1. With (1) assigned to a loop (DSSP other than H, G, I, E, B); (2) over 30 Å from Ala239 (Cβ atoms); (3) at pLDDT below 85; (4) not basic (Lys, Arg) as the list, and Gln163 as the residue in question, which single condition is left unmet?
2. Looking only at segment 400-424, how many residues end up being outside any strand (DSSP E or B) and free of Cβ contacts under 8 Å to residues at least 60 places away in the same chain?
3. Report the residue count in segment 172-202 for those that are more than 22 Å from Phe446 (Cα to Cα) and crowded, with 21+ Cβ neighbours inside 10 Å.
4. Using beta carbons and a limit of 7 Å, which pairs, at least six apart or on different chains, have the first residue in segment 293-321 and farther than 18 Å from Gly390 by Cβ and charged (D, E, K, R) and the second one surrounded by fewer than 17 Cβ atoms within 10 Å (Cβ to Cβ) and modelled with pLDDT of 90 or more?
5. Any chance you could count how many residues in segment 203-245 are crowded, with 16+ Cβ neighbours inside 10 Å, of a type in the set (S, T, N, Q) and either within 30 Å of Asp425 (Cβ to Cβ) or at pLDDT below 95 (or both)?
Amino acid sequence: MMLRVAWRSLMTRPIRAAVLAAGFGFGIAVMVELLGVGQVILEQAHAPALSGGGDLVVSGPFGPVSSARHVIATLGRASDLADRVTAISATRRGKLFLITPRRAIQISAIGGVPSLEKSIGDPEVSAVAAWTDAPGDVRWSRPTAGDVLRAMDRFHPIPQATQSSSSWAEWLYFNGRTPDGRIRVYLTFLVGPPAATAGRRQAGVRLQLEHEGRATTYRASGEVDEASVLASAPDLEIAGNRVRLEGATYRISLALSGRADSAESPQLRAKADDRPAQDLTGEISLDASSQRSLPPASIRGTGGWVSGYVVPVLSGAMRGTLRVRGESIVLENALGYHDHNWGFWEGVRWQWGQVAHDDVSVVYGRVFPPAEVADSARIPGFLAVLGPDGPLGFSSNVTIDDTNEGRIDVRATRGVDLRLKLTVDETVRTTMAMTERAGRQSMTFFQLGGVYRVNGKVDGREIDFSARGSAETFKPK
């Protein structure tokens, strides 16, 4: 019935119906043409040539690429890309304002390194002979491993935030173990909140040494000049203990006082020494392996809350000699690790773990912030896998189950398909004062050691090994 009525209406005025049909057809044709032109414009807008030459444009998920020098160094040294990458250039876009007597004129500007821009064929600068590199551009045109490490491992000023500055802390963490497992070291250089004296910060050094089944902790504390720390870190000196980054090698000098700590492991507890330990001195070095770094990342919450993490050395050669009670403890061919944390820590807990075997290094973790600054359920964990030439895979779809006594189970999917099972045979409990919060249930900090069973697939490569590794977690007292 409706079709019959519509047909009779059209036939009673055929000219109007024809004009209407032609108009609709023309409108549809114009829309199709515009969509086609828009698609071409969009493709051209993403063309590398419009960004200044080259064949590929790399951008960050939310804008600028963080740790751009690390990205350049990684791409340039990767063996599977070295014969294909002939030039890499970093550029930065920004807005400038030309102030005239009448008005301000906004100008879009692009900055880059002249020699690198010319090497990728940027047509705007290739023919400009006067545009040459400045002295500081060598950090980008020829980045060294040491310069990249130092940039990643810098310290941060305490940000303006509603969080109490007394909960701020930043630290360098190192661990290492000999191949036979007889010697293990866990070392922290920590710079904490402001001291009573203006411009000074509280600081401390802690070394946990496990040797021949005995666990002993050594400490030192003092104050450091905040400006010096921000200008020189990771070079630090705390109460006569020093870290120096020389090229791609971290050199550590120690002068600590110690005491024996009880350990939960039956083997360690049986051999624990109740007598006060003598002072410990020594030197340790850690060589950063090429392509074994995880660049900085941070999570942020309300009121300026922040927690950051970077791994300059996922796996590297550690060596050195520690002297205590007239005995020399020698680290030879030890496997070392180094990471760096910063942020506000009151009411915070975390899960973390690390293991390396042959040419594969794995690190995972998750941070649980206070409920008033962020919803921890919306902050995912992470797991990164690095091989001999750099990253193999990364996942933010990670579950970390530490509810089973003596075991931690980790599963990562999306980007990697990996399972880790840690069988714990060493446990050290510590009260982490900086994470405590009034009115909240107290938590005990657990440092764990044991054997990881790792299997799965990453980037088409089968992963299957067992190796000793470390883990950290918190549990209620």
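1. In the conditions (1) assigned to a loop (DSSP other than H, G, I, E, B); (2) over 30 Å from Ala239 (Cβ atoms); (3) at pLDDT below 85; (4) not basic (Lys, Arg), Gln163 misses (2) alone.
2. Of the residues in that region, 7 qualify.
3. 1
4. Arg319/Glu332
5. Qualifying residue count for the region: 4.
Yes/no matrix, rows are residues, columns are (1) hydrophobic (A, V, I, L, M, F, W, C); (2) farther than 28 Å from Val311 by Cα; (3) in contact (Cβ under 8 Å) with a residue 24 or more places away in the chain:
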{"site": "Phe97", "(1), (2), (3)": "yes, yes, no"}
{"site": "Ile107", "(1), (2), (3)": "yes, yes, no"}
{"site": "Gly112", "(1), (2), (3)": "no, no, yes"}
{"site": "Glu124", "(1), (2), (3)": "no, yes, yes"}
{"site": "Gln160", "(1), (2), (3)": "no, no, yes"}
{"site": "Ser164", "(1), (2), (3)": "no, no, yes"}
{"site": "Trp171", "(1), (2), (3)": "yes, no, yes"}
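Yes or no, residue by residue, for (1) within 15 Å of Leu209 (Cβ to Cβ); (2) in the same structural domain as Gly176 (by TED's automatic domain parsing); (3) not in a strand (DSSP E or B):
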site: Gly282; (1), (2), (3): yes, yes, no
site: Gln291; (1), (2), (3): no, yes, yes
site: Ala317; (1), (2), (3): no, yes, no
site: Ser328; (1), (2), (3): yes, yes, no
site: Ala334; (1), (2), (3): yes, yes, no
site: Tyr337; (1), (2), (3): no, yes, no
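Yes or no, residue by residue, for (1) closer than 15 Å to Ala151 by Cα; (2) out of contact with any Ser or Thr (no Cβ under 9 Å at 6 or more places or on another chain); (3) crowded, with 21+ Cβ neighbours inside 10 Å:
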residue: Ile299; (1), (2), (3): no, no, no
residue: Val313; (1), (2), (3): yes, no, yes
residue: Arg319; (1), (2), (3): no, no, no
residue: Val324; (1), (2), (3): no, no, no
residue: Leu331; (1), (2), (3): no, no, yes
residue: Asp339; (1), (2), (3): yes, yes, yes
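The values are calculated or read from the model by the stated rules, or taken from the named source; none is laboratory data. Owing to the predicted nature of the structure, the values given are computational and were not obtained by experimental measurement. Glycine also receives a Cβ, built like all others from the backbone with ideal geometry; neighbour counts cover every protein chain displayed.
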